[in-house]
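Data block below; observations after.
The values are calculated or read from the model by the stated rules, or taken from the named source; none is laboratory data. No experiment lies behind these values; they were computed from the predicted model shown. Note: ideal-geometry Cβ built from the backbone for every residue, glycine included; neighbour counts use all protein chains shown. When the accessible area is computed, the model is the full protein with side chains, heavy atoms only, and any ligands, DNA or RNA have been set aside. Shrake-Rupley method; radii C 1.70, N 1.55, O 1.52, S 1.80 Å.
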Amino acid sequence: MDQDYIDGLLERYLHLLHDYTSLREELNALQTGMYQNIARANFAAERGVRFGRDYYDDRMQASRRLTINFESRGQDEAQGPSESQTRKNLSALGSIITTIACVPASTVEDSKANVDVEASHPYPEAEAAEQGASKSTDKLAPNAPTPPPQTDMDAQPGRGAGITVERRINDFTLVAKKGTTTSQKSNDPLRWFGLLTPMPLREAQTQSIRAIEHVIPRLASLNSEMAVVEIEVRRARKRRAKSEALARRLPQQSS
Amino acid sequence: MAASQGDYKDRQFLAVIGDEDSVTGLLLAGIGHVTSPPDSQKNFLVVDSKTETSAIEAAFESFTTQRKDIGIVLINQHVGLPPLLYFTASILPRNTWLQIADKIRYRIDTYTAAFPTILEIPSKEHPYDPEKDSVLRRVRRLFGE
């Protein structure tokens, strides 16, 4: 009985390991492309220009953030029955099983966009200028805020719960006193390097976004799930060793 | 458990310790964050040949222990060595060299907390080495190797 349970856990562990190694390969490929593109951008840049830390914005605010959920993945039914049972057993133990998810852009924190300007604006000194600009754009802009640009990756459907990266689009949204008109400012890190950034740098950004949104959170989730399975395997092995030792002792005592 | 889950909800940033190109690439994705003054804290550290090992360790300590808003720490598998250590490493046997290069990694291998999660990523100069991956080391330990 114990042996079957351990075998089930190990089977699950090997599946996780397979996922982990394939995600690692994907991350390697993405990072290799990213490094090549940054090198290309540096090579083609003007003399003395290097796209690096000299251009970082000291007031940068994260536009991609993590959300950590603890609900189990809704794919158990899609997996094999034994796998599903193993996951349920692990969940019953109270272990934290974080799983994979991709949050579509529509689920971005809307509530955070509506907080007060003073509390949310990451660039206070730019606020006054922006407010002035918003007054002028109010005449031109429609009442509804312009939707944020959606990439193909953003449009991918969610895959459940877990550690995810979500885009915080409305960092720069200023809520007007009437509460009807808003204006947005780009929070794109590419702007640190100028308005006309080279194409390789944009490609590097695309690859980096893919790694951050789709690969790294899943690797982190797999890491934590593998750790949970490891602990349970060790516990099951200890239980089996104890029961075997007990079984050995009993015949000796009876004789 | 509920309280601790509430704590995890605050962990919304990724942190990076790595070479300049790794950090630049990851910051391009929009993960860079500087907290508001007066104690402006960055969630990244650019490591080069001049960076002291103590600075790397301090950043690692800050990201993993002190700050409660970091959910994942990304660290280059091979972090840069100070020049003196490079010279020392070059005249020592390879095994010793690995021990020096892994000076920060002993912290990673002994790190057991669930959050923040530590992930090792390849650097520009060195490809991903499965032998050094702490997850795969754990796998080997589980299967008794």
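For B:Pro122, the conditions (1) surrounded by 15 or more Cβ atoms within 10 Å (Cβ to Cβ); (2) more than 9 Å from every other protein chain (Cβ to nearest Cβ); (3) within 30 Å of B:Asp10 (Cα to Cα); (4) not polar (S, T, N, Q) all hold with the exception of (2). Looking at segment A:234-245, can you tell me whether even one residue there is in contact (Cβ under 8 Å) with a residue 12 or more places away in the chain, assigned to a helix (DSSP H, G or I) and facing another protein chain (nearest Cβ under 8 Å)? Checked segment A:234-245: no residue is in contact (Cβ under 8 Å) with a residue 12 or more places away in the chain, assigned to a helix (DSSP H, G or I) and facing another protein chain (nearest Cβ under 8 Å). Among the residues of segment A:212-231, what is the count of those that are facing another protein chain (nearest Cβ under 7 Å), among the aliphatic types (A, V, I, L, M) and under 16 Å from the mean Cα position of the chain (by Cα)? Here the count works out to 4. The set of residues in segment B:134-145 being charged (D, E, K, R) and within 8 Å of chain A (Cβ to nearest Cβ) consists of B:Arg138 alone.
Yes/no matrix, rows are residues, columns are (1) more than 13 Å from chain A (Cβ to nearest Cβ); (2) at pLDDT 80 or above; (3) touching a helix residue (DSSP H, G or I) at 6+ places or on another chain (Cβ under 6 Å):
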site	(1), (2), (3)
B:Ile17	yes, yes, yes
B:Val23	no, yes, no
B:Ser40	no, yes, no
B:Ser62	yes, yes, no
B:Thr65	yes, yes, no
B:Pro82	yes, no, no
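Tallying residues that are over 19 Å from A:Arg202 (Cα atoms), open to solvent by less than 60 Å² (accessible area, probe 1.4 Å) and at the interface with chain B (Cβ under 9 Å from one of its Cβ atoms) within segment A:1-45 yields 6.
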